[in-house]
Amino acid sequence: MELEFKDLTKNFGGFTAVDHINLVMTNGVYGLLGVNGAGKTTLMRMLCTLLLPTSGTITYNGKNIFKMDGEYRKRLGYLPQEFGFYPEFTVQDYLLYIASIKGIRPAVARKRVKQLVAKVGLSKAADKKMKKLSGGMKRRAGVAQAMLNDPEILVLDEPTAGLDPNERIRFRNLISELSEERLVLLSTHIVSDIEYIANEIWLMKDGTLMHKGTADEIINSMPEQVWQCFVDKNMVSEYMKKYKISNMKAEPQGVELRIIAKERPSENARSTQASLEDVFLYYFGEKAGGEDVAI
């Protein structure tokens, strides 16, 4: 299986949301990382045939997905940022209803729903109304509906938005398990969502693809170094005006700063291993500017 974006572009009036993207995907987990407004959702909506590109193509095994029409969508599972449901439906009823819309035969649907409810950890909540579910449980029900047709391609748009840390970990483990023998594209602005499960990470900004590669390759793409140093509390605002600070920690003897810079920011600064969060700040963050900082 191969999905390919060729010179993919989407304009809305005079605004370019996706700008000449070229990518090839096979089985595995792909993490699409960028801030809100980077063009991630527009890209995914085109992949799901919900938007037509202004120019360029998306092909599945060499065939244009928009010409394939229903033949392509049978292979697709999609979880948007916000998905609709009838609040009075139970989890089981909701999934059976979605299965009927997808044209899955009732006997097959009942068996598939039972399997998926167990797989996403909702067996005890199968008869609970959707409106009674927590945010994390609703997202798991959303994944289950996306998996009803056992898709070859699973597209997840900001799947952990608003979830607590425990639910995010559960969700990442679920996605990792579901990724066997299929292609999973996961869009997020939360670095930890993809740091350990993505086979390849794409950095997207202002509609363009800035970098792609493994987590290590993305980290090594950052031309500046990461430094750690202690500074007096009254010096923090000056450092924030001058540098990108990826982390700070107040200590009795001062404040420990994690700084991204080309050169050593102070005499006591020591070089340290960069992380994917450092890279995210480098490419997408900004210095704090002239605002006063109180520690």
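Odds and ends about this structure:
- Residues being surrounded by 12 or more Cβ atoms within 10 Å (Cβ to Cβ), more than 13 Å from A141 (Cα to Cα) and among the acidic types (D, E) - total across the stretch 86-124: 0
- Flag if E217 is within 31 Å of the chain's Cα centre (by Cα), under 29 Å from G31 (Cβ atoms) and without any contact (Cβ under 8 Å) to a residue 12 or more places away in the chain: yes
- Residue within the stretch 74-96 that is of a type in the set (D, E), in contact (Cβ under 8 Å) with a residue 40 or more places away in the chain and touching a strand residue (DSSP E or B) at 6+ places or on another chain (Cβ under 9 Å) present: yes
- Residues that are open to solvent by less than 10 Å² (accessible area, probe 1.4 Å) and of a type in the set (A, V, I, L, M), drawn from the stretch 134-152: A141, V143, A144, A146, M147, L148
- Restricting the stretch 175-207 to residues that are more than 14 Å from the chain's Cα centre (by Cα) and in a helix (DSSP H, G or I) leaves a set whose member that is surrounded by the most Cβ atoms within 10 Å (Cβ to Cβ) is L178.
- Some residue of the stretch 30-39 being open to solvent by less than 50 Å² (accessible area, probe 1.4 Å), at pLDDT 95 or above, among the hydrophobic types (A, V, I, L, M, F, W, C) and over 19 Å from L154 (Cβ atoms): no
The values are calculated or read from the model by the stated rules, or taken from the named source; none is laboratory data. Model, not experiment: these values are computed from the prediction. Cβ coordinates were reconstructed from backbone atoms using ideal geometry, including for glycine residues, and neighbour counts include every protein chain displayed. Side chains are part of the model used for accessible areas, which takes the heavy atoms of the whole protein and leaves out ligands, DNA and RNA. Shrake-Rupley method; radii C 1.70, N 1.55, O 1.52, S 1.80 Å.
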